[in-house]
Amino acid sequence: MRGYAALIYVFLYAPILLIVVFSFNSGFSASDFKGVSFKWYAKAATNTFVIDAVVNSLIVAASSATLATVFGTMAALALQRVKGWVRTVFDGLIYVAIMVPGIVIGISTLIALVSVFGLLNTALVALIPALAGPEPPLALGFASLIAAHTLFNLALVIVIVRARIAGMDRSLIEASADLYATPWRTFRQVTLPQILPAVLAGFLLGFTFSLDDFVIAFFVAGSKTTLPIFVFSSIRRGVTPEINAIGTVVLAVSLILLFGSQLLLRRGHGRPRRA
Amino acid sequence: MRNATGPSPLLTAVLLAPGALWFLGLLVLPLGVVIVFSFGERAAVGGYQAAFVLDNYLNLPARWTAFKNTLVLAPIGTVVCLIAAYPLAYFLAVKARPETRTALLILVIVPFWTSFLIRTYAWMFILGGRGLPSLIEWAGLGEVRFINTPFAVLLGIVYAYLPLMIFPIYVSLEKLDKRLLEASEDLGASPWRGFMQVTLPLSAPGAVTACMLVFILLMGEYLIPQLLGGGKVFFIGNALVDLFLQSRNWPFGSAVAVSLVVIMLATVSVYMRFAGRIGGARDVSLV
Amino acid sequence: MNKRDFIHQLWRYKRGSISRRQFLGATGLGLASTVLATTMPELAGPRRAFAGELGDKVALTSWPSYHDENNFKAFTEQTGVNIELAVFGSNEEMMAKLQAGGTGWDVFVPTNYTIPDYVSQDLLEPLDTSLIPNFDASAYETRFTDAGTVDGKLYAISKDWGTTGYVINGGKITDPMATWKDFWDLSMTKYTGRSMVHDYQLTTIGNALKYYGYSFNSIDPKELADAEKLLLAAKPHLFGINSDYKPSLLSGDAWASVAWTGDALQLRRDMPDIRYILGQEGGEIWSDFYAVVKGAPHRAAGYALINFLTDPAVNAKEVLFHGYPTADSRTNALLPKELLEDPIMYPAAELLAPLEFGAAGLITNEARAEIMARFKSA
């Protein structure tokens, strides 16, 4: 059993080890090790397109995760009280949003937006001639990408937060209302602290999903390059260890965040409780 | 006493509005457009031209192999993932020492935090001619080829989705009361029987959920067959991308997309009904 | 001194190959004319077009291993403009992206037969040659540049040209191969699992058509049906379907592939055993172009980039890197003689004679697109 577990870990980490090792390659190829060097890190750090791609990815991930968390939590709170057709419709939509493959979401969003933008652009230019120019007023880009990522994240947050609400102690809310707290105050002081772990988990999951998504971004990002799109086109251009360096940095940052948060949590738990 | 649980309908509407808007604009509208387009015709230069024809659906058998590959490899990939993940989840939940358990669990998620594409690229190298095959040849075990085979795609699938499979199983096994196992042993049952009669049924809901999660993702897979299958192992996802990015046949692509979604909804509902008997419907439900 | 000479000197000055003093002398400007320059719009105009307002970025969409990275670096040093390079595997893919819109591309590299379709779909900007002073139409061999002009308007200028044949790894394949029939037959028998074809309708279907001796450009339903039959029969025997086949040949996974001139030359640098074969039945001869996308967000930088790459000295470095012949006689004058006599770059006349240029309309042909898609998903 122990041996099997070890084997699985080797399987999981072999490619990652390879990525890290080759990031220090002084040669030009991601498959032929020539010697140890840090030059690809320097190269990645000064490559404007890498920096752009990283910044774009972070903006998109942060925006879509935030939007999804706020709207998703709102919807989850409302849905616990709604019955009837509204609830049925919402449940169905959430189910479909999670079920429909990313590739279908990407393609259908692309053709829908292209068609809608086509109509709207003609109308806009006709109404406001100042908008006429070589570039149409509406085009694929940040907004479409963030919107598409938010859709999936929204469904994710609603599912996670609802599960938490279902397990929540409702007597506290009733008590708070009995004490004449305003609904807002009840939410802030009673509900929110209880559902916060789920809200945060939803945010993190959404952030991670958005950061690593390729298939949706590939179709709806327009001219914007995110990190996965950059890596995909690098695979086509011919991979240099620069890609490995980027991968290693992403891994290192995630590990630091992970262990940092673990440490903080442990310290939080360790604090003596006041009675 | 004020009514705490029944806020005004207005508040409910306001809370639901942004989410509803999002679903409407980015799910209902795009899927609606795809359904409408699937009855259209390809414009002469590519793209969509309004029409009402069934040709695109009648033409679906032309993608039979892609559907077949997906419908065969997605369940196989799911089952292989399950077989690979279960012992590890069991080990983590039952056998691992509590001190190392958290660390080992974290180690399962960490690979998720390097770019999926970069990890898959690493596999392209490992499975390519200069990787494992050259080692095998050097060891005198003959000439083999991994890359661009269904094996490579399957391996990529297991690699990518193993952590997703491990977690839900781990969570349900963790709830397992070890006294139950002890009791079963006290009653003279063999460890194997204890496992079959106590552990396995208890972990079923987790396994059922995990399988569904992985299966859903596999049905729409595009990147793994693209990168590790080299255009030789085609999934529906690949056929779809091809129709939009090469043939520019939006109506036919839309028909393929609609069929994929319908097949998925059908398979998953059947699966849930069937699995509900094993694990209890509540645990299996996604929403 | 005319505008073009002035800009030529300006470029040399900016490249650092002449000093400021020499620059002022050579352009006949001197101190007095620098004063004049501020008052004369013709002088100020072109200079602004190159020196200022270029921004810091230009998006170039091209093909794999098609540009010398050192040239890109030089361009960035001179102008401060970074080149964002994207590469594609087929003209169809480029067109799909442009049709969907919002690409953000400035300059891209279409192949001869696609240009009329791009023009009819209003996706290209007619070129303003005053912004490309390095371009001298009279220096080019016209049969490779004609396709850039549609209805008397210039939309694209020649980058290079080439042929589509196939490469074989001579260390693994020793059979005498000379025809497309040889390629397909051996791919399906003796060398099963070792051949590659492009993920590109034009060359993959075209060279399957050549197996039967049909035209590379055929759209005859019966002939296409034959080609599809061959493709479907070959599919299980192929190693892969990919327009970027060099890595697979270099790693030893694949031993043969449909290939373009320059890729064969590049492969030969690492694998002396490589052989490039033009099927005796014929096949494709083509030329690639630089074009500016309509509504290009960095239009000025796009023109500056085309102008830079059209400079014969720069273009010569490009050719040395990518190994495709150029139609520009000024560039050829700068290239070593061995290269100009290389049989891969300049195949024998009897091999070139039966080759066909891709036909206009093939890029949008639904029948060929669908056959390719069926072949891939089979």
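Build a GNM of chain A with springs between Cα atoms under 10 Å: which of A:L127, A:L138, A:L204 gets the top mean-square fluctuation?
Evaluated over chain A, the most mobile residue of the options is A:L127.
Looking only at Cα atoms, what is the convex hull volume of segment B:120-161 per residue, in Å³?
61
Sort out for me the Cα centre separation of segment B:135-149 from segment C:161-204, rounded to whole Å.
For segment B:135-149 versus segment C:161-204, the Cα centre distance is 23 Å.
By the scheme Lys and Arg +1, Asp and Glu -1, what is the net charge of all other residues having a beta-carbon under 12 Å from that of A:K224?
-2
Pop the C-beta distance of B:F195 and A:L172 into the FRET formula with R0 = 35 Å and round what comes out to the nearest 0.05. Working shown, then result.
Working: r = 41 Å, r/R0 = 1.18.
That pair, B:F195 with A:L172, gives E of 0.25.
For segment A:56-243, what's the relative contact order in percent, using C-alpha pairs closer than 8 Å and at least 6 residues apart? All intermediate terms of the calculation are to be shown ahead of the outcome.
On the way: 181 pairs, mean separation 76.7, N = 188.
The normalised contact order for segment A:56-243 reaches 41 percent.
What value, in deg cm²/dmol to 500, does the helix sum -39500 (n - 2.57) over DSSP H runs of n ≥ 4 give at 222 nm once divided by the residues of chain B? Could the numbers behind the result be given before it?
On the way: 15 runs with 195 residues, N = 287.
It lands at -21500 deg cm²/dmol.
Which FRET efficiency, nearest 0.05, do A:L124 and B:V28 yield, Cβ-Cβ r, R0 35 Å?
Using R0 = 35 Å, I get an efficiency of 0.90.
From Cα pairs below 8 angstrom and at least 6 apart in sequence, can you work out the relative contact order of segment B:144-264, rounded to a whole percent?
For segment B:144-264, the relative contact order is 31 percent.
Can you list residues whose amide H is under 5 Å from C:E356's amide H, if they're 5+ apart or on another chain and H is modeled 1.01 Å from N?
Residues meeting the criterion, in which the H sits 1.01 Å from N, are C:G283, C:E284, C:I285.
Listed here are the pairs C:K181/C:K317; C:K172/C:K210; C:K246/C:K376; C:K57/C:K159; A:K224/C:K73; C:K222/C:K376; which of them are more than 28 Å apart at the Cα?
In this structure, C:K181/C:K317 lie more than 28 Å apart at Cα.
With θ set to phi - 60°, apply the Karplus curve 6.51 cos²θ - 1.76 cosθ + 1.60 along segment B:217-232 and write out the HN-Hα couplings as whole Hz, x wherever there is a Gly or Pro.
Going residue by residue, I get 5, 5, 4, x, 4, 10, 5, 5, x, 5, 8, 9, x, x, x, 9 Hz, with x marking Gly and Pro.
Could you calculate the FRET efficiency of C:D175 with C:E338 from 1/(1 + (r/R0)^6), where r is the beta carbon distance between them and R0 is 30 Å, rounded to 0.05?
E(calc), rounded to 0.05, equals 0.60.
Hey, can you grab everything whose amide H is under 5 Å from the amide H of C:A254? Only 5+ residues off in sequence or another chain; H modelled, so Pro and N-termini drop out.
C:L249
Within a Cβ distance under 9 Å of C:L238, other residues only, what is the Lys/Arg minus Asp/Glu net charge?
Neighbourhood net charge equals +3.
Gain in length, A:A252 to A:D91, computed as 0.36 nm per residue apart minus the alpha-carbon separation, to one decimal in nm?
On the way: separation 161, 0.36 × 161 = 57.96 nm, distance 3.85 nm.
Extending this stretch completely gives an extra 54.1 nm.
Whole-Hz ³J(HN,Hα) for each residue in segment A:50-64, computed from phi via Karplus 6.51 cos²θ - 1.76 cosθ + 1.60 with θ = phi - 60°, x for glycine and proline: what do you get?
Ordered by residue, 3J(HN,Hα) equals 5, 4, 4, 5, 5, 4, 4, 4, 5, 4, 5, 5, 5, 5, 5 Hz.
Counting other C-beta atoms within 10 Å, which of A:K43, C:K246, A:K83, C:K73 has the fewest, and how do the rest follow? The partial results should precede the final answer.
Working: A:K43 14, C:K246 21, A:K83 8, C:K73 11.
Lowest to highest Cβ neighbour count: A:K83, C:K73, A:K43, C:K246.
Which whole-number percent is the relative contact order of chain B (Cα, under 8 Å, 6+ apart)?
Averaging sequence separation for qualifying contacts and normalising by length gives 28 percent for chain B.
Show that you can apply the helix-only estimate: for chain A, add -39,500 (n - 2.57) for every DSSP H stretch of four or more residues, divide by all residues, and state [θ] at 222 nm to the nearest 500.
Details: 12 runs with 209 residues, N = 275.
Computed ellipticity for chain A at 222 nm equals -25500 deg cm²/dmol.
Testing the spin-label approximation: label points 7 Å from Cα along Cα→Cβ at B:R97 and C:Q78. State their distance in nm.
6.7
Step through the residues of segment A:14-27 one at a time and calculate ³J(HN,Hα) from phi using the Karplus curve (6.51 cos²θ - 1.76 cosθ + 1.60, θ = phi - 60°), rounding each to whole Hz and writing x for Gly and Pro.
Taking θ as phi minus 60°, the curve returns 3, x, 5, 4, 4, 4, 5, 4, 6, 5, 9, 5, 8, x Hz for segment A:14-27.
For C:I274, what is the net charge nearby, where nearby means another residue's Cβ is under 11 Å from its Cβ and Lys, Arg count +1, Asp, Glu -1?
That sum, taken over residues with Cβ under 11 Å, equals +2.
Determine, for C:D342, C:D244, the number of other Cβ atoms within 10 Å of each Cβ, and report the residues in order from fewest to most.
C:D342, C:D244
So for A:L18, B:L223, fewest C-beta neighbours within 10 Å to most, what's the order?
The most exposed by this proxy come first: A:L18, B:L223.
List the residues, sorted by chain then number, that are 5 or more residues from C:G104 or on another chain and whose placed amide H is less than 5 Å from its amide H.
none
Readers should treat all values here as calculations from the given coordinates under stated rules, not as data from a laboratory. What you are looking at is a predicted structure, and each value in this text was computed from that prediction instead of being measured. A quick note on method: Cβ atoms are made from the backbone with ideal geometry, for glycine too, and the neighbour counts reach across all protein chains shown.
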